[in-house]
Structures are given as structure tokens and as C-alpha cells.
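The values are calculated or read from the model by the stated rules, or taken from the named source; none is laboratory data. These numbers come from a predicted model, not from an experiment. Here the Cβ positions follow ideal geometry from the backbone for every residue, glycine too, while neighbour counts run over all protein chains shown. The accessibility values were calculated without ligands, DNA or RNA, using every heavy atom of the protein model including side chains. Shrake-Rupley method; radii C 1.70, N 1.55, O 1.52, S 1.80 Å.
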Amino acid sequence: MPKSIRVSSRVTPRVAIAIMAAGKGTRLKSKLPKVLHEVGGKPLLAHVIAAAMKVVPPNDVYAIIGHESARVREAVASAGIGFILQEDQRGTGHALMVAQEALADYETIIVLSGDAPLITAQTIEKLGEFHTSNKAAMTILSACLENPTGYGRVIRKSKSSAEVKAIVEEKSATMAQRKIREINSGFYAFDRKSLFGHINQLKTDNAHREYYLTDLASVLVKAKKRVVAVEAYDSSEILGGNTRAELADIDLRMRRAKTQELMAQGVTIFYPDTCVIDSDVEIGADTIVEPFVQILGKTRIGTDCRIRSYSVIEDSTIGDGVVARPGCILHDAKVERGAVLGPYSHLRPGSEIGEGAHVGNFVETKKIRLGKRSKANHLSYLGDAEIGEGVNIGAGTITCNFDGEKKHKTIIEDGVFVGSDSTLVAPLTVGKGSYVAAGSCVTDDVPADSLAIGRSRQIVKEGWVQQKHKGR
Ligand code: UD1
Ligand code: CA
């Protein structure tokens, strides 16, 4: 591991990281700004910010935003970084022109692209260290790609030299230059004085009529400044998500890295390429994840669980030894150890399932607490309810929580037995140990240890059929 430059950034030389994120992303053909497209379950820009924040403190990280700036800012505001507004997007060079004032106090400026989310802190540090030790005006992070098409090419002074003459964009490259496989990653380190001392020399005489930051390489070389290039640890780290196909490729790489990381920690994942697991998900050892499972957002799953196929679990916390049978959908739910879910349970926000409890087929829950060892095994809707321990909720039970205007609460105390097909009209309390007869519509509180029957008594009319058919 290279030593961190975090310490030195506090003294001199002070290092800022500026992330270019103002572009529209025309090639995506999308209403959503490019840097907010998601890979690994998070916006492109959020990944780049996370890597940057491992290298310098958040107040030394700046995102240069422009297209849909309010939306971009809101999406990543929680990181606590600074923002620089580039109102018209006139190219990567222009993005840095508008950043001049905000970055005036720094000695070194590391520039990252908001659309290249595989970048690691390690590589950013390597770039910074190479830059400092080479006393360069500009250091380009490069990579050698099998297929360099579309990227700017790095033209070195000679093959063995660290020094660079220029970066040539694909569109202006000659046939010979296009054969060069060393590409410009779009990540750079600059000596601030050299950067802003020469940035006004950039011109827009190119295919897009934009200010290219890449042209600064030749501008600085002409001014007799030192421009060098250093290769990334892993060439895939520089991949950018400019098209939907590139986004899919980056997403797959991230998902693979995530499942590899989890498997290394002792999680079994069958057919990992069929599972979609977001980067922030945590899963304990000896948990088994079956094919075609999605585990998303900030979900945490304990040890020794089994998550069966076709389950989608988002922002939820699951204790040890839980079984989610096929087809469960969980969102913002909490499930305690040893509980059994599904098949086909739907746990909506605020559902808390206690230790050893069972929630079965076609049971929908929302904002409820189901106590220890309680069971709701079939075909129920349980919403806005507090259900105690050892309760049995019969098949088809419904808590009627909504009166058309307001939501009301149902309280079912410990040890209650609710017979099948009962409707419990809230607000309502069913006292400890009581029974509700099957098929009841319960509208009034039930005291402890009683039986509530809320249906009309069955009438049997013997011989009724013969009567009906008389005279046929
Ligand atoms: C850029 C480089 C290219 C390099 C490639 C690596 C230039 C001219 N070319 O091309 O050499 O190989 O990255 O991925 O820089 N942005 C702004 N403001 C603008 C324009 C762009 O903030 O006015 C942002 C974009 O949102 C994006 C980043 O800068 O995050 C890079 O811009 P993009 O248009 O994707 O550049 P590339 O064509 O990929
Ligand atoms: Ca790009």
C-alpha cells in the first residue's frame, strides 16, 4: 500500500480534489444527468466522491457541477463536499477555468472525472505521489487498453520517458496516433500555479468547439514545464460510463467485485453473476444467497441466513439464521434472528419481525411489530399494528387500518389467537390471551382472556333444497 497523502495535505503541499461533473452526458440519451446514472446501486459521482474522500478530507473535495446542478448537488450533498458551478458547459478545460477562485489556496489540484467510478483511493494516491516526486506541472494518469477507441491518446516524448508531449483526442488523432494504446484516463494532478497560469491559453479550435483540458499538456510543454504520465494500477479503473453499454459493463464489474469480496468473507453465493448486490451491502459468514437475488441499498444480513431465489431486499436489516424463502420483497424492514419469511412475503417500510417469528405466503406487512415466535403464515395484510409474542394470526386476517382519511393502530397482545379470515377494524386492542373466532369482523376492544365472535350465527335450514325445487 502506498502511504497516504492525507497527512501531508493538512500541511503543505495542500491538495484539493476537483471532480468534473457538469456535463450532460449526451451519449446516454437521458433526462437524468450522466453523473447521476447508477452503477453498483449508487450514482457514478457518488463512487468517485467516496474514493476522493479516502485521500483528502471532504472539505478539500469539490464537485464541478452545471447541467441540472441542483439535482446533482442534492444527490451527493450528504458527503459534505464543496461545489463549484460551471453554468455553461464549454468543455473540460472550461470546467477548471471556473474553478480557479475556489481552488486558489491549494498547491496541488487532483482532477477526477465524475463519470469514471471504478477509480480507487490507491490510484489517486499513486497519481499524487508520482506528481510530487516528479515535481511536475501536470501529471496524467494513463492506462493501456486493448481497445483504446474513443479515448484521448498519450503521446510520450519517447517510449521509455515519463515525459509527455501532448494528449491527442480521438477525433483529431492521425491514423498512427490512433494505434497508440496508452490512453488518457481523464484524471490528472496539477501544480495549481501552472494550471491557472496557462489555462487561458486553451483554444476551442477542435471538433466540439470546446476548451479541452487535455490541450494543457502541449501548452505546458511549450512553456517548458514538466508534463509526465503514470499508469493506473489496473487499467479497468479508468473506464468511463459515457454510453448505456459502458454503464452496464461498469455495473457488471462492480457487482462481480462485490460478490468476490463477500465470498472471500465467507458468504456462499450461487451463480453470482445472476445476483445484484449493491456496494454498501453487508452479509455475514455462512449465509447462503441463491441465484437471482437482489440485495440493495444499505441492507445488512447476519450470519447463517439463507436468502432464496427471486427475493429483493432493500435497505433492510436481517439478523442471524433468518430464512427468506423464494420471492420475498423487503423494503426498509427489520427481521430478527431465526425468523422465517415467505415464500412471497412482502415486508414494507417499518416492518419489524421478532425473533423466531414466521411470516408466510402472500402476507403483506407495513409499519408493524410482530413479536417473538408469533406467526402470520398465510394471506394477510397487517398494517399499523403492534403484535405481541406467541400470537397466531389466522389465514386471511386483515387489519383495517385506514378509515378513508386517517390511519389507525391495531394492538394485539401476547398469546392472542386470531381465527382465520378475521377483519380487525382499527383503532382496536385485542387483550392478552384472547381468541377471535374465525370469520369475525371485530370493531370493539376485546378484553384479556376472552373470546370475541363478530359474525352472525350460522343458520341451517334442513330440507331447504327440496322445498326450493318443489313443483318442478
Ligand atoms: C475525456 C478526455 C479524454 C479522455 C476521457 C477519459 C477531454 C477533452 N477528453 O473525454 O482525453 O480519454 O475523458 O474518460 O477532456 N465535464 C464538465 N464540464 C464540461 C464538460 C465535461 O464538468 O464542460 C465533465 C463531464 O461531466 C465528465 C467529465 O468532465 O464527468 C469528462 O467529460 P466527457 O465529456 O465525458 O469527456 P470524454 O469525451 O470522455
Ligand atoms: Ca467520459
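Checking the conditions here, which among 100, 89 is more than 16 Å from ligand 2 (Cβ to nearest atom) and either assigned to a helix (DSSP H, G or I) or open to solvent by 10 Å² or more (accessible area, probe 1.4 Å) (or both)? Talk me through it step by step, then tell me what you get.
Values: 89 fails: more than 16 Å from ligand 2 (Cβ to nearest atom).
Residue meeting the stated conditions: 100.
Can you list residue pairs whose Cβ atoms sit under 7 Å apart, with the first residue in region 77-91 being under 16 Å from residue 114 (Cα atoms) and the second being among the polar types (S, T, N, Q)? Count only pairs 6 or more apart in sequence or on different chains.
From region 77-91, the pairs are 82/59; 85/69.
Can residue 366 be described as in contact with a Lys or Arg (Cβ under 9 Å, 6 or more places away or on another chain), open to solvent by less than 50 Å² (accessible area, probe 1.4 Å) and among the charged types (D, E, K, R)? Walk me through it before giving the result.
On the way: in contact with a Lys or Arg (Cβ under 9 Å, 6 or more places away or on another chain): yes; open to solvent by less than 50 Å² (accessible area, probe 1.4 Å): yes; among the charged types (D, E, K, R): yes.
So residue 366 passes the test.
Matching residues to (1) away from ligand 1 (no atom under 15 Å from the Cβ); (2) within 24 Å of residue 129 (Cβ to Cβ):
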residue	(1), (2)
155	no, yes
159	yes, yes
169	no, no
173	no, no
180	no, no
184	no, yes
191	yes, yes
194	yes, yes
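Of the residues that make up region 16-23, is at least one in contact with a Lys or Arg (Cβ under 7 Å, 6 or more places away or on another chain), crowded, with 20+ Cβ neighbours inside 10 Å and not assigned by TED's automatic domain parsing to the domain that holds residue 274?
yes
Got at least one residue in region 124-146 being over 20 Å from residue 232 (Cβ atoms) and in a loop (DSSP other than H, G, I, E, B)?
yes
Scan 127, 44 and give me the residue that is closer than 27 Å to residue 215 by Cα, within 11 Å of ligand 1 (Cβ to nearest atom) and not β-branched (Val, Ile, Thr).
44
Determine, yes or no, whether residue 429 is under 26 Å from residue 323 (Cα atoms), polar (S, T, N, Q) and in a strand (DSSP E or B).
no
Restricting attention to region 13-38, and to residues there that are among the hydrophobic types (A, V, I, L, M, F, W, C) and farther than 22 Å from residue 58 by Cα, which single residue is nearest to ligand 2 (Cβ to nearest atom)? Steps first, answer last, please.
Here is the first cut: in region 13-38, the residues among the hydrophobic types (A, V, I, L, M, F, W, C) are 15-22, 28, 32, 35-36.
Restricting the remaining residues to those that are farther than 22 Å from residue 58 by Cα gives 28, 32.
Details: 28: 11, 32: 16 Å.
Only one residue fits best here, namely 28.
When you scan region 67-86, how many residues do you find that are within 11 Å of ligand 1 (Cβ to nearest atom), in a helix (DSSP H, G or I) and touching a helix residue (DSSP H, G or I) at 6+ places or on another chain (Cβ under 7 Å)?
Counting residues in region 67-86 that are within 11 Å of ligand 1 (Cβ to nearest atom), in a helix (DSSP H, G or I) and touching a helix residue (DSSP H, G or I) at 6+ places or on another chain (Cβ under 7 Å) gives 1.
With (1) open to solvent by less than 20 Å² (accessible area, probe 1.4 Å); (2) part of a strand (DSSP E or B); (3) of a type outside the set (S, T, N, Q) as the list, and residue 155 as the residue in question, which single condition is left unmet?
Unmet condition: (1).
Just checking: which of the helices (runs of 4 or more DSSP H) contained wholly in region 169-277 hold 2 or more residues that are open to solvent by 40 Å² or more (accessible area, probe 1.4 Å) and within 16 Å of ligand 2 (Cβ to nearest atom)?
244-264
Taking region 104-122 as the search range and keeping residues that are away from ligand 2 (no atom under 16 Å from the Cβ) and farther than 25 Å from residue 219 by Cβ, which one is least open to solvent (accessible area, probe 1.4 Å)?
It comes out as 121.
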